[in-house]
1. Residues in the stretch 131-184 that are more than 18 Å from Ser324 (Cα to Cα) and of a type in the set (A, V, I, L, M, F, W, C): how many?
2. Do we have Ala120 as at pLDDT 90 or above and surrounded by fewer than 24 Cβ atoms within 10 Å (Cβ to Cβ) here?
3. How many residues does the stretch 38-66 contain that are more than 23 Å from Ala157 (Cα to Cα) and either modelled with pLDDT of 95 or more or assigned to a loop (DSSP other than H, G, I, E, B) (or both)?
4. So which residues in the stretch 404-423 are touching a residue at least 12 places away in the same chain (Cβ under 8 Å) and either under 13 Å from Ala247 (Cα atoms) or buried (at least 22 other Cβ atoms within 10 Å of the Cβ) (or both)?
5. Quick one: how many residues across the stretch 388-402 are over 19 Å from Leu321 (Cβ atoms) and surrounded by fewer than 21 Cβ atoms within 10 Å (Cβ to Cβ)?
6. If you scan the stretch 345-355, which residues turn out to be more than 21 Å from Gly108 (Cβ to Cβ) and in a helix (DSSP H, G or I)?
7. Return the residue satisfying two criteria in turn: it lies in the stretch 301-339 and is polar (S, T, N, Q) and in a strand (DSSP E or B), and of such residues it is nearest to the chain's Cα centre (by Cα).
8. Run Trp219 past the list (1) in contact with a Pro (Cβ under 7 Å, 6 or more places away or on another chain); (2) surrounded by 21 or more Cβ atoms within 10 Å (Cβ to Cβ); (3) of a type outside the set (A, V, I, L, M); (4) over 25 Å from Pro310 (Cβ atoms) and report the number of the one that doesn't hold.
Amino acid sequence: MKIRTGLGLAVAGALALSACGQPAATTAPVPGATTTPAASAAAPANIRVWLNGTDTPQEARDFLKKTFEAQNAGSTLTIEEQQWTGLVDKLTTALSSDSQTPDVVEVGNTQAATFTTVGAFADVTADLAGWGGDDLLPGFVAAGSVDGKTFAVPYYAGSKAVFYRKDLFEKAGLTIPTTMAEFVDTAIKLKAANPDKTKNFSGFWFPGKDWRNAVAFIWDAGGDLATNTGGAWAGALSASGSQAGLATVQKLFTEASAAPKDGDEADTWTPFCEGQAGMISAPGWVRGLILSEENGCPDMEKNLGVFALPGSDGSSAPVLLGGSNIAVAAKSPNQELARKAVTIMLSTEYQTILAKAGLTPAKVSLASLLGDDESAKATIAAASNARLTPAAAGWASVEGAMILEDFMVNVAKGGDIAALAAEVDAKITDKLK
């Protein structure tokens with residue numbers, strides 16, 4: 001695909017950045033290469049790094065700041081935490097501004113392609129070898145590449161697994177399901193049993209806006225969110241496989257979950273810790289939050305279990321491979337220092353901190369750092385069949401417009417799936433033109 005000169009996001013208008021305006025990747029040396037004094041002596045500056053949500057642990061943030069400032073005398077690094085909600089809109093505004101742009105940004109792996117194709121990120125192709133090269137997660141490199149050049153690199157990944165309450169399963173006489181049909185049946189039975197007689201109890205916590213978990217059931221049934229035919233992307237939720245998957249989703253919404261029909265999947269560990277849910281589907285790193293002293297319920301460790309969502313054929317279901325890319329903003333005036341910050345973020349030391357927090361490292365060779373306990377095994381099993389959202393340049397505009405969230409809320413409320421799918425397909429297709 002070709003790099004475009006504008007970003008057609010309805011939520012924020014056009015991002016007027018052209019490919020020819022991007023700084024050349026060679027402005028910064030490949031880490032470890034021989035350089036001249038002039039090439040390695042960047043003027044001191046304050047580097048602004050945008051990290052999203054609470055996914056990056058504080059230990060990693062502290063390491064980044066301390067290491068960067070120790071390696072670059074006179075320069076400072078400031079981490080500015082952004083929220084995932086509304087991020088596309090905010091990035092669109094900031095990355096198009098000479099005065100507001102951050103230097104390094106974290107972006108969802110499903111959003112990377114859109115910003116890459118409009119020239120929002122600097123070309124870092126020449127840096128890849130020093131950052132890990134072929135060892136970097138290939139799907140995430142692909143999401144940040146266009147026309148043979150790379151503009152965004154992997155930061156971390158996180159496959160969803162099912163966390164469950166062992167005590168509630170035992171009280172309800174249930175065992176870990178091994179197929180999709182068994183999973184749905186288990187979720188419904190667990191809600192009906194409600195062993196602790198908790199008000200508004202969910203066998204499987206499934207809030208209405210949660211399309212990121214819903215897509216696993218769609219994929220398992222042979223459907224998809226959108227497909228590419230002859231180079232043209234179009235919504236695919238009306239297809240037979242998608243309809244079958246959505247029927248399963250609606251059954252879980254109505255028979256297994258008491259979560260808000262207009263709620264999202266944020267902070268799923270809270271209802272889980274409060275005993276309002278017997279199962280949740282979340283990235284592997286959520287285990288650390290569940291057991292943390294500050295945010296979770298550390299006394300649950302003996303009752304916390306985890307397994308990969310089973311598919312209809314008995315293997316792992318094709319769950320969404322979530323995670324993030326990182327990129328140097330094309331308009332950053334501190335290109336060399338920004339690349340040095342990314343070098344630290346992709347270092348073994350930094351990625352080890354992420355792995356210990358349950359995040360899948362950006363480098364394939366570091367996957368073993370996740371460990372070999374039940375949680376790590378479930379995360380690895382889930383990743384074995386994980387998938388990404390459609391690789392369409394305009395996919396971020398679909399997410400930014402909350403099209404899928406609105407659609408899923410109506411499905412959760414018991415709406416006619418076929419009619420709703422036809423409507424949302426038209427909206428997705430329009431965004432992907």
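The values are calculated or read from the model by the stated rules, or taken from the named source; none is laboratory data. These numbers were taken from a predicted model, which means no experiment stands behind them. Ideal geometry is used to build each Cβ from the backbone, glycine not excepted, and the neighbour counts take in all protein chains shown.
1. Number of matching residues: 11.
2. No: the conditions fail for Ala120.
3. Here the count works out to 8.
4. Leu404, Phe407, Met408, Val409, Val411, Ala412, Lys413, Gly414, Ile417, Ala418, Leu420, Ala421, listed by residue number.
5. 2
6. Here is the first cut: in the stretch 345-355, the residues more than 21 Å from Gly108 (Cβ to Cβ) are 347-349, 352.
Thr348, Glu349, Thr352, listed by residue number.
7. Taking the candidates together, the pick is Ser324.
8. Only one criterion is unmet by Trp219, namely (4).
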